[in-house]
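The values are calculated or read from the model by the stated rules, or taken from the named source; none is laboratory data. Everything numeric here is computed off the predicted structure, so don't read it as measured data. Cβ: placed from backbone, ideal geometry, glycine included. Neighbour counts: every protein chain shown. The accessibility values were calculated without ligands, DNA or RNA, using every heavy atom of the protein model including side chains. Shrake-Rupley method; radii C 1.70, N 1.55, O 1.52, S 1.80 Å.
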Amino acid sequence: YQRRVMGVSRVLLTSCCSLHVLPMSVMFWKQSMQNMRLQWSAARRFSSVSAPINVGIIGAGRIGLVHAETLAFRTPNARPVIIADASEASAAKAAAAFNIPQWSSDYRSVLTNPAVQAVWICSPVGTHAAFIEEAAAHGKHVFCEKPMGRNIPEIEAAVAAVKAAGTKLMVGFNRRFDSNYRRVRTAIETGEIGEAHVFHITSRDPSPPPIEYVKSSGGIFIDMAIHDFDMARFLMGCECESIYAQGACRVDPRIAAAGDIDTAVLSLKFTNGAIGSIDLSRKAVYGYDQRVEVFGSKGAVATGNEHPNQAWISTESNIRRDLPLNFFMDRYIEAYRRETIEFVNAIQTGGVPSTSGMDSRQALVMALTAKESLRRGQPVTIAEMEEMIAEEKRTSKRAVTAAAAAAVVNA
């Protein structure tokens with residue numbers, strides 16, 4: 001991978017020189033090449049001191065393949081040694097593609113493998129929390145794709161299991177590692193745009209997922225908007241206070257039949273006084289639409305979509321450019337690499353991952369609040385949702401106590 005990137009850089013530099021591009025452009029490419037050499041040199045020095053982390057991957061679906069490629073080819077100090085999937089054919093195909101020596105149709109093969117130090121959980125959402133607990137019981141560090149679970153008790157149980165085992169947990173909120181969003185966060189943190197007053201997040205997929213996936217996804221707020229809820233917390237640097245959700249099914253009637261929506265607008269208020277909105281759609285015909293704008297007391301900061309190139313076509317009738325990158329595998333490939341490197345380094349150095357199980361919990365609380373708001377047709381506060389969660393826990397505890405008492409009587 002390094003040789004390919006460096007080779008492209010040399011070709012571009014040669015082209016700039018041969019076309020007599022301004023010296024500043026040549027200086028830019030020279031500096032870029034030097035920075036890249038330094039980064040790879042540092043990564044190699046680190047890897048030479050610390051042996052690569054042996055990784056096991058659970059899940060060889062779409063996101064599992066993204067992580068497998070990142071671990072195999074883009075992370076110098078990680079080494080995938082086994083991949084498992086319910087479909088043995090999928091596991092075998094992924095193993096062959098990414099030079100992974102072992103594969104299996106049983107996820108337990110990953111957890112019980114003595115060579116595995118860290119587990120990447122990329123399986124269906126309903127398995128996440130249970131797999132985290134099992135991995136922790138086997139003494140494995142865990143990277144888990146979002147969301148950690150579909151209810152708060154199972155997330156809290158998974159977090160407690162990791163804490164008891166003394167292992168590390170990181171949740172895959174990869175957008176925090178995107179350079180564009182990090183720049184927006186920096187502009188807010190440093191006061192560059194003053195106090196944040198208003199924010200807007202646009203999140204539109206190029207096409208809806210298969211209907212079978214929708215049925216088991218937990219709904220648009222848990223499956224899709226979970227990233228945007230986390231991004232809102234990340235940018236604002238504080239907690240959400242209330243959410244008002246409006247939604248409809250405007251893309252595919254089968255999604256409505258499955259009990260979900262595919263289009264939504266959310267209004268949010270944060271504890272720092274900032275207000276904002278998130279708009280969601282399962283289908284943007286022009287590609288993956290991911291934008292953020294924050295307006296503050298001293299200015300504003302915004303980031304747009306990523307495109308496959310920087311070319312603009314100008315004619316007598318219009319000015320246009322190519323469509324944005326089509327989906328998250330292309331748009332966030334560098335963010336996936338950065339989050340992976342951070343977690344692997346945290347394991348090797350004893351550091352603390354920047355995205356935690358509690359971040360996942362808070363994002364899910366926001367998703368559940370949005371669902372409740374949509375059901376009621378009115379704003380719902382986070383405090384109300386926390387009380388609903390607490391009451392559900394109390395009810396569950398009473399039911400368990402009653403069942404235990406009945407068992408004693410029947411005995």
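Couple of notes before you dig in:
- Net length available on complete extension from residue 354 to residue 215 is 46.9 nm, with 0.36 nm assigned per residue and the Cα-Cα distance removed.
- For segment 343-411 versus segment 113-143, the spacing of their alpha-carbon centroids is 20 Å.
- Looking at the chain, the DSSP beta bridges with both ends there are about 55 percent antiparallel.
- Checking the Cα-Cα distances for 269/298; 163/283; 163/393 against a 30 Å cut-off, the pairs over it are 163/283.
- Solvent exposure of segment 285-411, expressed per residue, is 56 Å² of accessible area, with all protein chains present and a 1.4 angstrom probe.
- In a fully extended conformation the segment linking residue 238 and residue 207 would gain 8.0 nm over its present Cα-Cα distance, using 0.36 nm per residue.
- Fraction of accessible area attributable to carbon and sulfur, the chain (%, probe 1.4 Å): 56 percent
- Once the 1.4 Å probe is applied to the protein heavy atoms, segment 112-257 comes out at 38 Å² accessible per residue.
- Secondary-structure-derived ellipticity at 222 nm for the chain, considering helices only, amounts to -15500 deg cm²/dmol, per-run term -39500 (n - 2.57) for DSSP H runs with n ≥ 4.
- Relative contact order for the chain, counting Cα pairs under 8 Å that sit 6 or more residues apart, in percent: 15 percent
- Close amide H pairs (under 5 Å, H built 1.01 Å from N) link residue 356 with 171, residues at least 5 positions away or on another chain.
- D (Stokes-Einstein, µm²/s), Kirkwood Cα radius, segment 123-232, 1.567 mPa s at 4 °C: 81 µm²/s
- Efficiency of FRET from Cβ geometry, residue 321 and residue 386, R₀ 51 Å, rounded to 0.05: 0.65
- Within a Gaussian network of the chain (alpha carbon springs, distance under 10 Å), most fluctuating of 83, 382, 132: 382
- Pairwise Cα inverse-distance average, inverted: Kirkwood Rh of segment 229-306 (Å): 14.3 Å
- At R0 = 60 Å, FRET efficiency that the Cβ-Cβ distance of residue 409 and residue 312 yields, to 0.05: 0.15
- Spacing of the modelled spin labels on residue 302 and residue 398, each 7 Å from Cα toward Cβ, amounts to 5.2 nm.
- Its alpha carbons considered, segment 172-265 gives a radius of gyration followed by a Dmax of 15.5, 47 Å.
- Under Karplus coefficients 6.51, -1.76 and 1.60, residue-wise ³J(HN,Hα) of segment 186-201 in Hz, glycine/proline x: 4, 4, 7, 4, 7, x, 4, 10, x, 6, 6, 9, 9, 9, 9, 10
- Other-chain or far-sequence residues with amide H under 5 Å of residue 77's (modelled H): none
- Sparse-neighbour loop sites [trypsin sites (Lys or Arg not before Pro); segment 110-219; at most 15 other C-beta within 10 Å; DSSP]: none
- Descending semi-axes in whole angstrom, ellipsoid equivalent of the chain, from the Cα gyration tensor: 37, 30, 21
- Here the scattering of segment 253-382 is modelled by Debye summation over its C-alpha atoms, one equal scatterer each and no solvent; at q = 0.10, 0.22 Å⁻¹ the log10 of I(q)/I(0) is -0.55, -1.35.
- 3J(HN,Hα) along segment 124-135, derived from phi through the Karplus expression 6.51 cos²θ - 1.76 cosθ + 1.60 where θ = phi - 60°, amounts to x, 3, x, 9, 4, 4, 5, 5, 4, 4, 5, 5 Hz, with x in place of Gly and Pro.
- Here the 3J(HN,Hα) profile of segment 99-116, calculated from phi with Karplus coefficients 6.51, -1.76 and 1.60 at θ = phi - 60°, is 6, 8, x, 10, 8, 7, 9, 10, 4, 5, 4, 6, 5, 8, 6, x, 7, 6 Hz, Gly and Pro shown as x.
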